[in-house]
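Below: one structure, written as structure tokens.
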Amino acid sequence: MATIEEMKAAHKILKSWNYTWKALDKGYTDKTLYVNVGTTEIKEKAVPAEMKKKFIGGKGYGLRLLWDATKPTTKWDDPENEINISSGPIGGITQYSGSGKSLVVSISPQTNIPIDSNVGGFFGPFLKFSGFDALEIQGKAEEDVIVFIDGVNHKVEIYQAPIEPLDSHILAERLTEMYADDDRDKRNIGVISTGDAAENSLIGMLNFSFYDPKRKEVRLKQAGRGGIGTVFRNKKIKAVVVKIPGVSGNLNNVVDLDAIKERGKRFNREMRELDDSQAEMRSKGTAHLTNIMNDYDLLPVNNFKYGMSDEADKIHSDVYKSFFTQGVPDGCWIGCNMACAKGVDNYLLRTGPYSGSRVLVEGPEYESASSLGSIMGIFNPDFTIESNFYCDTYGICTISWGTIMGFLMECYEAGILNEERTGGFKLNFGNADAAMNLLHAVAKGEGFGKLAGLGVRKLKELFIKNGWGDAQFINDIGMENKGLEYSQYVSKESLAQQGGYAMTNKGPQHDEAWLIFMDMVNNQIPTFEDKAEALHYFPMFRTWFGLQGLCKLPWNDVEPETNGETDEPAKVPEHVDNYVTIYRSVTGDMSFDKHEMIRQSERVYNFQRIFNIRRGFGLRKHDAQPYRAAGPVTKEEYLSREERYDSQMKDIIGIDPTGKSVEEKLEITRKYRLDQYERLLDAVYKRRGWTKNGVPTIEHLKNIGMDLPELIDVVKDLQD
């Protein structure tokens, strides 16, 4: 492997551009950085007042910039497609936990609509401190390039980088060493990278680095969903690097730092005193959910067929706790006391190109513990940890990969696939060796690995086209919506969660609405109107985090002692008030309240819906869900919960199941559940101010201040 000196010597500067830096004001620089890696144009752009007012930051800025840069016909691999990265006005403060996030936006190779992915690490805040509220990357380079944002000397460079390794765990470390003046300076470097698989699949993701001074290692957080890493490599970008002088004090130049500190101290006390009895984030991270989900029949097993397994004790959160290094500050941003970025140190790899190496493995988080385990019928933490490492360094979304594998394994067991069609892979549920080998094949772009990396939607289309199985069955078990694979919760018994997945703008991701406990466990939202209200409020509330540069975990993973005594405990009112206070204290906008918080999100949420419509999507038919998300598809699936389903048929549907065959009961259940979902669509669309076809009404756009001419032009003929 080339040395750092050899890498530097091979660099060829294509463009160097100097800029005038100015300090942030109330969380903003009011400038964005535009970089075209094809033409090598670099420039700064002023943020228009309307954009700042209506789009706020983060996901809002990314979507607005993408809309302006692309046409309705722009394809994901066209040079004009962009990768836009922005934090938000609150992003980068160090006095309140979870304030280091940024949002990445692009046209997705998987969905053909805008995808947004929330990610931690240093890059988003460091970009702001370098002088820019957003980074807008366009064009397509001829050879591999690195973009360097030098926030110390205030210049931006594009240069050819022909010999750096591609895989993230090596590249991020090498670039951090390359740009740091010394070991202490490594904490001032942020790197965006991906890996080999992003070049050979449609499910590529991006890694955002952060330096862990306790471990003295570069670590990675993932912008996983929708194939943005694939766009990154299609543009021939090897990495984007940012460097700043350091983080201290009040770099956001907020209006009232003391108020933010006071709320931060409150939350830090809750973490110290309540985390061990509530979520155990500091010792287990989000992996604390594995056994909880199994207990409530919500853990995806064998491609979402089942929600629990007798083998789940093998992946109990206590098992993962035994792997995770304890007693170290595990925040992915400075000052975050959630400490949920758990890691497995000095892990010995057994397979693949890095076999025999000892590495730091990030997580696994809950989503990866399921997607790289139970959904494949594999209950082996070593398999999960090793495949987690390879997904990260190869640049593969763990959620998409696991849901793809669950689908492929069920197709194999159903006879849709066989060894001839898979090129020799025996993809039975539980076959960890075959699953690991196929993962390596995806990274290489070899054989069946090339097909597997296309994602569930394209695989379904291929299998049906080839006549390999019944089309309805294939569509029923292929867990994707809008082209994006489902994240890792079984939604069959929660109608609200079915909507929380399939009604999303980008596709089924849990970051928009997680309503299973409210709906299924606690029965807090029994009517269609109740569910519709929840599917209005929570997606809007959670969208707000993505406008501001915030992580959602500090909102409700640890709650105040008295939260259960409040009128709306699911909303965690005290923490909502924390966010209102923090926004006011950063921006000085004292008129801001919890109602304007939702309106800010509504503007961006409806804009994204109309963006989808502009691209030929975004209608009711695009919110259809695979039936596996709603109910039992197969006979064995029904029989596994026969008592439950029979009871529901008698008590809820009003049909006596006595004497009926399983096939008849499956059809009765299916008809009822599909009808329930259609009724939910009607209720949610009405609450959101949309037509029955899922189109925002002009009246609603006026009410929320988003009656922009370009939006009205898209929806004006779709108002019936």
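Rule-based calculations on the coordinates, nothing more; no lab input. Values in this document were obtained by computation on a predicted structure and should not be read as measured data. Note: ideal-geometry Cβ built from the backbone for every residue, glycine included; neighbour counts use all protein chains shown.
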Peptides 125-137, 536-548: what's the order by average Cβ count within 10 Å, highest mean first?
-> 125-137, 536-548
Amide H contacts under 5 Å for residue 655, restricted to residues at least 5 apart in sequence or on another chain and with H modeled in the peptide plane, are 650
Looking at the stretch 226-375 from every direction and averaging, what is the projected area of its Cα convex hull in nm²?
-> 13.4
Quote the Stokes-Einstein diffusion coefficient, in whole µm² s⁻¹, for the stretch 89-197, based on the Kirkwood radius over alpha carbon pairs, a temperature of 37 °C and a viscosity of 0.692 mPa s.
-> 210
Footprinting proxy, 619, 24, 439: sorted fewest to most Cβ within 10 Å, the residues are 619, 24, 439
What percent of all Cα-Cα pairs in the chain falls in each 20 Å bin, counting up from 0?
-> 18, 55, 25, 1
By count of other Cβ within 10 Å, fewest leading, how are 391, 397 ordered?
-> 391, 397
Taking the alpha-carbon centre of each part, the distance from the stretch 46-84 to the stretch 180-218 in Å is 25
From the P(r) of the stretch 514-567, can you give the percent of Cα pairs sitting at distances over 16 Å?
-> 55
Based on the Cα gyration tensor of the stretch 257-485, what are the three equivalent ellipsoid semi-axes, each the root of five times an eigenvalue, rounded to whole Å and given largest first?
-> 35, 19, 16
Please turn the phi angles of the stretch 60-73 into ³J(HN,Hα) values with the Karplus equation 6.51 cos²θ - 1.76 cosθ + 1.60 (θ = phi - 60°), one per residue in order, whole Hz, x for glycine and proline.
-> x, 5, x, 5, 4, 5, 5, 4, 5, 8, 10, 10, x, 9
Assuming a viscosity of 1.306 mPa s and a temperature of 10 °C, what translational diffusion coefficient in µm² per second does Stokes-Einstein assign to the stretch 33-93, Rh being the Kirkwood radius over Cα pairs?
-> 124
Please report, for the Cα atoms of the stretch 142-225, the Rg to one decimal and the Dmax as a whole number; what are they, in angstrom?
-> 13.2, 40
Could you let me know the centre-to-centre spacing of the stretch 612-689 and the stretch 100-177, using Cα atoms, in angstrom?
-> 42
Excluding residues on the same chain fewer than 8 positions from residue 221, give the lysines whose Cα lies under 20 Å from its Cα.
-> 59, 101, 128, 186, 238, 243, 284, 321, 342, 552
At what distance in nm do the modelled label points of residue 295 and residue 565 sit from each other, each positioned 7 Å from its Cα along Cα→Cβ?
-> 2.5
With runs of 4+ DSSP H residues as the only contributors, calculate the mean residue ellipticity of the chain at 222 nm using -39,500 (n - 2.57) per run, divided by the residue total and rounded to the nearest 500.
-> -12000 deg cm²/dmol
Distance in Å, no decimals, from the C-alpha centre of the stretch 21-42 to the one of the stretch 431-465 is 39
Could you give me the ³J(HN,Hα) list for the stretch 567-583, computed from phi with Karplus coefficients 6.51, -1.76, 1.60 and θ = phi - 60°, whole Hz, x at Gly and Pro?
-> 5, 10, x, 5, 8, 6, x, 5, 6, 4, 5, 4, 5, 4, 4, 5, 4
Computed ³J(HN,Hα) along the stretch 233-239: with the Karplus parameters 6.51/-1.76/1.60, θ = phi - 60°, integer Hz and x for glycine or proline, the list is 6, 4, 7, 6, 8, 8, 6
Where Rh is the Kirkwood radius over Cα pairs, Rg/Rh for the stretch 294-375 | 1.03
Sparse-neighbourhood loop hits (trypsin sites (Lys or Arg not before Pro), the stretch 289-387; DSSP loop; Cβ within 10 Å at most 16 others) -> 350
If you take the alpha carbon radius of gyration of the stretch 467-516 and divide it by 2.2 N^0.38 Å, what ratio comes out, to two decimals?
-> 1.21
How high is the relative contact order of the chain, given as a whole-number percent (alpha carbon pairs under 8 Å, six or more residues apart)?
-> 14
Rg from C-alpha atoms of the stretch 405-519, normalised by the globular rule of thumb 2.2 N^0.38 Å, equals 1.15
Cα convex hull volume per residue for the stretch 4-243, in Å³, equals 116
Which semi-axes, in whole Å and largest first, does the equivalent ellipsoid of the stretch 358-430 have when worked out from the alpha carbon gyration tensor as the square roots of 5 times its eigenvalues?
-> 24, 12, 10
